[in-house]
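Enquirer: Quick one: the structure is below, and I'll ask about it shortly.
All of the numbers you see were taken from the coordinates with simple rules; none came from a lab. Values in this document were obtained by computation on a predicted structure and should not be read as measured data. Cβ atoms come from the backbone with ideal geometry, glycine included; neighbour counts cover every protein chain shown.
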Amino acid sequence: MLNYDIVVIGGGPAGMAAALKAKECGVDSILILERAETLGGILEQCIHTGFGLHYFGEELSGPEYADRFIQLVNEKKIEYKVDTMALQITESNVVYAVNKEDGLLEIQAKAVILAMGCRERPRGALNIAGTRAAGVMSAGTAQKYVNIDGYMPGKKVVILGSGDIGLIMARRMTLEGAEVKVVCELMPYSSGLTRNIVQCLDDFGIPLRLSCTVVEIHGKDRVEGVTIANVDEKLRPIKGTEQYIECDTLLLSVGLIPENELTREVGIELDPVTKGAVVDEFRETSHKGVFACGNVLHVHDLVDYVTLESQTAGEGAAKYVLGKKDAPEYITTKGVNGVRYIVPQKVNIKNDDDVKLYFRVGQTYKNAKVVVKYNGNEIISKKRPRLAPGEMENVVIKNDILKSFAADGVIEISVEA
Amino acid sequence: MNYDVAVIGAGVVGSLIARELSRYNIKIALVEKCSDMAMGTSKANSAIVHAGFDAKPGTLKAKLNVKGTELMPELCKTLFVPFKPIGSLVVAFSDEEMETIKELLNRGVENGVPGLEIYDKAKLREEEPTISDEAKGALWAPSAGIVCPYELTIAAAENAVMNGAEFIRNFEVKKIDFNGKEFTISNGETSFNTKYVINAAGVFCDEIAALIGDNSIHTVPRKGEYMLCDKSIGYLAKHTIFQCPSKMGKGILVTPTVDGNLLIGPSALDIEDKTDVATTSEALADILEIAKKSVPCLNTREVITSFAGLRAHCDKDDFIIEPSEKNEQFINAAGIESPGLSSAPAIAVYVKDMLLEKLNAEEKADFIPSRKEPVRFRHMSNEERKALIEKNPAYGRIICRCETITEGEILDAIHAPAGARDVDGVKRRTRAGMGRCQGGFCGSKVVEILARELGVELNEITKCGGSSKILYERTK
Ligand SMILES: Cc1cc2nc3c(=O)[nH]c(=O)nc-3n(C[C@H](O)[C@H](O)[C@H](O)COP(=O)(O)OP(=O)(O)OC[C@H]3O[C@@H](n4cnc5c(N)ncnc54)[C@H](O)[C@@H]3O)c2cc1C
Ligand SMILES: Cc1cc2nc3c(=O)[nH]c(=O)nc-3n(C[C@H](O)[C@H](O)[C@H](O)COP(=O)(O)OP(=O)(O)OC[C@H]3O[C@@H](n4cnc5c(N)ncnc54)[C@H](O)[C@@H]3O)c2cc1C
């Protein structure tokens, strides 16, 4: 049995930032477990730029952004094991992991930080009818084939879903000589960043069809085409609007699901909306000493926020290990009227800092008002020219306000159009 | 090449026949048009080992079903194939249907099915708590079970190969000539000779028979579509839950699979194209609606994939297992629709006996009945895992995270006798890519491992043979 103060599962931007912060806060015994061959997480395959605008004030590519943290991890001599998969966490914070060199690892941790990221939703979740030909894959898989392996997964492409990965891959495949025929989005709005729609579709003349989906996949061995159709308000395909599009590839960018198998197995409470753990402002889960941050907690569009959130989790884990976290008194947060979710879901009113609440809205709004209420009384209201599901919002609860709350109170955030 | 027997079709029927024959000192070819075994109906069915009360008493179907179901547990144990004796329920929703299940019980007793019992509503709910409140009772059949149909097929073919049979893949039989003594079997490019032919070509059995001028078999492909749900709702059915049968078949069932997923289906529609295994949104919607009659809490949220299989429905309404009227040396194993999987172990013995009457063959002393037990890392204790990785570090690298499949298991699948050559082949042997992310994570890694082990470029690896390539040329 190995012993560490903190075991971090996942060596992406979340895991690295959390580990670095914990170290800075005075914890020396830290181990990062990463199942890929290198640290860096999903960033390693995102060779486009657009990372770090908020955090570093400059525009970096994914690997460049990751590299800055990998260097720091090495400089600060934080231990890590790559090619190592965490298999299980127990009630008593023992982590089981495997790799080729050490075989089965049994690690007793005082605190565990979950930073496993997320995975793409597969075709099955959509239940698209048709054949099971080759040529249907998630946009992230295609991204790996193109950017890491150096092979084209297709030449004539239809993309279903206008998530950021789909948008980025529309541009990437076009630049590599493929013809991207259309991007179909089921919802009446895109969940991708506006800048990605402009830079990845508009600039290349790739049509984006909203309220439209793929209803059938054709082709025996390899995809030969898809049938697309418009959908009604209830997202059901409208008869008579079907259109056949010849293609050899269907890329799916239909959402990301936090990778919470380990979390679920140990019985940590999950939020049905975020599909991540329910956490407090230090990102501690319902299981004492287990923290979560990054895409495993809720899907982020910008890595900069992942970094910030993970630093908070790292600080929380360090406090926990060093015995600086005393018994909390919680109020809960709740998204209502247009606000789909809020992270953190609970806040300790004995906390000595300001607390930032992150949230997402369920549809687009122009010139709307974000209203924060405590036990029904408005405490903050701010005008926002534009709100979109693809862009994460936040409000800050000042510490003096927080201190005026009582345990078991409720903070609600809503949108007023 | 010269063989004593050529078995055409490496489905569960052909593969088990080849294994049964490999007990004897004869030269056997197992010929398959696809890149792997279990690519036809044997990979897409309900996977139920039926108790045997459906078929008309006296038919071959009735006889071989009951016998096959009796042989199945031991066979699966010998070949290390997952099998679970979970029993089945036929649920009645009206007084009329209560009568139907009593008839089924009587028929079952006549067919020799053991342990049949009628459950009343209370007993049914106790046994299957998710069942609809509308259910009035059910026929309980304890001898029914579930099996992994493609693993059974693969294990049987592998074991046949271990015992000297030859597996010839990617060979579509297009022409069969007979010179009075021997057949010449050709795919249009190459050919081989054989004294006996066994036609186990599934939905194509009529076309294979027609190659020797035997036009007596008429099959219609009858499509059945399914939805497969995540393991997280596998608990919704403890037993196989049928509804009362109709003339199109046994209707829509809800059942756990041996791996703990939940399977819902199949629909039943007669079609024309024998290669059409596309799913349709209409059928998928229908299946769910009908299945909800049995288990009302079902929904599509946990669906991870859908698929379809083709029943070789035959106008004779029974299995046709006999020498062709055109040629005594050509044996048809045709019209093997449901319960073909359940019956397959008995069909194999039946065909072997038929052939032995004609063929002078001796039993081998060194027949190996079993195959090497496949490593299943996901089912091991941590102690066993430790020891395993110490012996071979390849078992320390997880490739498929949803199902916890290691690189070692994938290497075993590729290097097995008649091993995997493509991504789906790896999938069916190891479950890599069968979990909730459906290969999103491991697909590209499996492609890499296949390319490395087979010594080819990444873009030569296919999903399931033929032109199902995954990658095109290199990027710029
Ligand atoms: C295609 C794409 C494009 C993007 N574009 C942008 C952009 O332009 N700008 C921007 O700011 N952000 C962008 N993002 C978002 C940003 O990359 C992510 O938010 C960020 O990478 C999430 O960090 P993470 O550490 O939470 O997850 P990840 O980067 O996914 O890291 C999680 C790590 O955990 C490991 N892991 C998981 N389970 C285990 C286990 N059981 N054992 C061991 N290790 C495990 C994984 O291998 C992985 O390395 C993009 C994301 C994608 C996917
Ligand atoms: C929807 C559905 C549900 C079912 N459920 C059950 C069940 O629950 N329980 C049960 O007992 N049975 C069930 N069955 C029946 C069972 O699946 C079949 O009876 C069984 O799989 C048939 O096996 P097979 O080997 O005859 O056919 P197949 O598995 O189809 O094998 C035939 C093989 O022959 C090959 N072939 C065809 N033509 C050629 C050629 N020219 N040259 C070379 N090779 C060729 C094909 O590629 C194929 O691999 C079900 C069937 C269906 C369709």
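Enquirer: So what's the projected area for region A:209-368, the Cα convex hull averaged over all directions, in nm²?
Expert: The Cα convex hull of region A:209-368, projected and averaged over all directions, gives 13.7 nm².
Enquirer: Would you mind telling me the antiparallel percentage of the DSSP bridges in region A:122-254, rounded to 5?
Expert: 40
Enquirer: Report, for chain A, the % of DSSP beta bridges that are antiparallel, rounded to 5.
Expert: 60
Enquirer: Can I ask one more? Evaluate 2.2 N^0.38 Å with N set to the residue count of region B:276-373, then give the Cα radius of gyration divided by it.
Expert: Region B:276-373 yields a ratio of 1.64.
Enquirer: So what's chain B giving for Cα Rg divided by 2.2 N^0.38 Å, two decimals?
Expert: 0.97
Enquirer: Considering all projection directions equally, how large on average is the shadow of the alpha-carbon convex hull of region B:318-476, in square nanometres?
Expert: 14.8
Enquirer: Still on this model: Find the Cα radius of gyration of region B:70-152, compare it with 2.2 N^0.38 Å by division, and give the number to two decimals.
Expert: Normalised Cα radius of gyration, region B:70-152: 1.25.
Enquirer: Right, here's the next one. State, as an integer percentage, the relative contact order of chain B based on alpha-carbon contacts under 8 Å between residues 6 or more apart.
Expert: Computed over chain B, the figure is 19 percent.
Enquirer: Another question, then. Between residue A:47 and residue A:363, take the C-beta separation as r, use R0 = 25 Å, and let me know the FRET efficiency to the nearest 0.05.
Expert: It comes out at approximately 0.20.
Enquirer: Please provide three numbers in whole Å: the alpha-carbon extents of region B:1-101 along the principal axes, with the largest listed first.
Expert: Largest to smallest, the principal-axis extents are 62, 29, 25 Å.
Enquirer: Angle, helix A:62-75 long axis vs. longest principal axis of chain A, Cα atoms, 0 to 90°, nearest 10?
Expert: 30
Enquirer: Rounded to the nearest 500, what is the 222 nm mean residue ellipticity of the protein assembly as shown from helices alone, with -39500 (n - 2.57) per DSSP H run of 4+ residues and division by all residues?
Expert: When only DSSP H runs of four or more count, the value is -7500 deg cm²/dmol.
Enquirer: I would also like to ask the following. Below 8 Å, C-alpha to C-alpha, sequence gap of six or more: please give me the relative contact order for region A:328-417 in percent.
Expert: Computed over region A:328-417, the figure is 41 percent.
Enquirer: Right, here's the next one. Provide, in order from the shortest bin, the percent of all Cα-Cα pairs of region B:89-247 in each 5 Å bin, continuing until the bin that contains the maximum pair distance.
Expert: 2, 7, 11, 12, 11, 12, 10, 9, 9, 8, 5, 3, 1, 0
Enquirer: Another question about this same structure. Based on the Kirkwood radius over alpha-carbon pairs, what is the Stokes-Einstein translational diffusion coefficient of chain A at 37 °C with 0.692 mPa s viscosity, in µm²/s?
Expert: For the chosen part, D equals 146 µm²/s.
Enquirer: Can you tell me, using C-alpha contacts under 8 Å and at least 6 residues apart, the relative contact order of region A:264-337 as a whole percent?
Expert: Computed over region A:264-337, the figure is 23 percent.
Enquirer: Let me know the whole percent of all Cα-Cα pairs from region A:304-368 that are separated by more than 17 Å.
Expert: Cα-Cα pairs of region A:304-368 separated by over 17 Å account for 54 percent.
Enquirer: Something else about it: Round to the nearest 10 and give me the degree value, 0 to 90, for the angle of helix A:303-321's Cα axis relative to the longest principal axis of chain A.
Expert: 30
Enquirer: Using a ≥ b ≥ c from the Cα gyration tensor of region A:1-149 (square roots of the eigenvalues), is it rounded, prolate or oblate, where a/c under 1.5 gives rounded and otherwise the larger of a/b and b/c decides, a/b for prolate?
Expert: Oblate is the answer for region A:1-149, as a/c is 1.5 or above yet b/c matches or exceeds a/b.
Enquirer: So what's the gap between the Cα centers of region A:253-299 and region B:418-476, to the nearest angstrom?
Expert: Distance between centres, Cα-based: 32 Å.
Enquirer: Please report, to two decimal places, log10 I(q)/I(0) for region B:377-460 at q = 0.24, 0.27 Å⁻¹ as given by the Debye formula with identical point scatterers on the Cα atoms and no solvent.
Expert: -1.17, -1.35
Enquirer: Once the other residues with Cβ under 12 Å from the Cβ of residue A:20 are scored (Lys, Arg +1; Asp, Glu -1), what is the net sum?
Expert: It works out to a net charge of +2.
Enquirer: Do any of A:100/B:372; A:21/A:325; B:174/B:372 go past 25 Å between their Cα atoms, and which?
Expert: B:174/B:372
Enquirer: Within region B:154-228, list the trypsin sites (Lys or Arg not before Pro) lying in a DSSP loop whose Cβ has at most 12 other Cβ atoms in a 10 Å radius.
Expert: Hits after loop and neighbour filter: B:181.
Enquirer: Using every Cα-Cα pair within region B:185-293, state what percent have a distance larger than 19 Å.
Expert: 59
Enquirer: Another question, then. Quick check of the Kirkwood formula: for region A:328-417, what is the inverse mean of 1/r over all pairs of different Cα atoms, in Å?
Expert: About 13.1 Å, per the Kirkwood formula over Cα pairs.
Enquirer: Another question about this same structure. Starting from the Cα-Cα distance between residue B:175 and residue B:189, subtract it from 0.36 nm times their residue separation and give me the gain in nm to one decimal.
Expert: 4.0 nm
Enquirer: In Å and on Cα atoms, what radius of gyration and Dmax does region A:119-220 show?
Expert: Rg and Dmax of region A:119-220, Cα atoms, are 13.0, 37 Å.
Enquirer: Right, here's the next one. Hey, could you grab the Kirkwood Rh for the protein assembly as shown? Inverse mean 1/r over distinct alpha carbon pairs, Å, one decimal.
Expert: Over the protein assembly as shown, the inverse of the mean reciprocal pair distance is 29.6 Å.
Enquirer: Okay, moving on. Over region A:132-186, what portion of Cα pair distances is larger than 19 Å, expressed as a whole percent?
Expert: 16
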